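Asks: Encoded as structure tokens, here's the structure I'll be asking about.
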Amino acid sequence: MRIFGAIVLSLFWCSLWGDFSPQNLVLGFVLSLPFIIPRLFIIPTFRLINPVRLYFIARFLAHLFYEIILANLKVFLLVISGRIKPGIIAFDGEVEDDMEVVMLSNSITLTPGTFTIFVDGRRLYVHTLYIDDPSSVRENIRGRLEKYILGATRCLKL
């Protein structure tokens with residue numbers, strides 16, 4: 001049954017490219033393997049099928065989109081006003097799982113004006129364009145990003 005699924009996905013791959021050559025069929029078959037035999041590949045540590053979890057993930061993504069737009073406006077105002085005061089902080093979060101750390105570091109990097117430079121276990125080193133008080137930057141990351149990530153990965157109420 002799994003082989004049949006791999007063949008179907010391989011044919012679908014070829015139809016997307018419009019090329020049914022043997023090389024493209026083999027490539028489609030190889031690319032279908034993670035979907036057919038997921039136990040051989042990395043699987044998230046939590047299940048995404050849970051409707052409550054899907055709600056929290058959607059809430060996190062909506063909040064991340066809002067933060068990206070807000071950070072774009074802040075960076076614009078910082079650049080126009082010339083009040084750039086860059087700095088690097090160390091952020092120790094409540095994230096425990098590797099997936100949570102990756103989600104937090106990527107969310108920080110996606111937000112304009114901040115960039116995750118290095119990850120050491122649970123500690124993230126973050127560069128920011130404006131740092132007046134390091135503790136306020138940490139609380140900003142904790143309250144605006146980490147809280148929603150923990151909600152999405154652990155189904156915590158916010």
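The values are calculated or read from the model by the stated rules, or taken from the named source; none is laboratory data. Keep in mind that what you see is a predicted model, and the values were worked out from it rather than measured. Methodologically, a virtual Cβ is constructed for each residue, glycine included, from the backbone with ideal geometry; neighbour enumeration extends over all protein chains shown.
Asks: Filter segment 56-115 down to residues that are of a type in the set (D, E, K, R), under 15 Å from Lys147 (Cα atoms) and in contact with a strand residue (DSSP E or B) (Cβ under 9 Å, 6 or more places away or on another chain), then give me how many there are.
Replies: Going through segment 56-115 one residue at a time, the tally reaches 1.
Asks: If you don't mind, another one. Considering every residue within segment 46-60, establish whether at least one is at pLDDT 90 or above, of a type in the set (A, V, I, L, M), under 24 Å from the mean Cα position of the chain (by Cα) and not in a loop (DSSP other than H, G, I, E, B).
Replies: No, segment 46-60 contains no residue that is at pLDDT 90 or above, of a type in the set (A, V, I, L, M), under 24 Å from the mean Cα position of the chain (by Cα) and not in a loop (DSSP other than H, G, I, E, B).
Asks: For segment 120-133, which residues satisfy the criterion of being of a type outside the set (Lys, Arg) and surrounded by 15 or more Cβ atoms within 10 Å (Cβ to Cβ)?
Replies: Across segment 120-133, the qualifying residues are Leu124, Tyr125, Val126, His127, Thr128, Leu129, Tyr130, Ile131.
Asks: Can you name every residue in segment 97-112 that is in contact with a Leu (Cβ under 8 Å, 6 or more places away or on another chain), crowded, with 18+ Cβ neighbours inside 10 Å and in contact (Cβ under 8 Å) with a residue 24 or more places away in the chain? Please lay out each step first, then the result.
Replies: Restricting attention to segment 97-112, the residues satisfying the condition of being in contact with a Leu (Cβ under 8 Å, 6 or more places away or on another chain) are 100-101, 104-105, 107-108, 110-111.
Applying the additional criterion that residues be crowded, with 18+ Cβ neighbours inside 10 Å yields 100-101, 104-105, 107-108, 111.
Once the filter is applied, which keeps residues that are in contact with a Leu (Cβ under 8 Å, 6 or more places away or on another chain), crowded, with 18+ Cβ neighbours inside 10 Å and in contact (Cβ under 8 Å) with a residue 24 or more places away in the chain, segment 97-112 yields Glu100, Leu104, Ser107, Ile108, Thr111.
Asks: Among the residues of segment 75-96, write down those that are exposed (fewer than 15 other Cβ atoms within 10 Å of the Cβ) and either outside the structural domain of Asn140 (by TED's automatic domain parsing) or not β-branched (Val, Ile, Thr) (or both).
Replies: Narrowing segment 75-96 to residues exposed (fewer than 15 other Cβ atoms within 10 Å of the Cβ): 76-77, 79-88, 90, 92, 94, 96.
Phe76, Leu77, Ser81, Gly82, Arg83, Lys85, Pro86, Gly87, Ala90, Asp92, Glu94, Glu96 - these are the residues of segment 75-96 that are exposed (fewer than 15 other Cβ atoms within 10 Å of the Cβ) and either outside the structural domain of Asn140 (by TED's automatic domain parsing) or not β-branched (Val, Ile, Thr) (or both).
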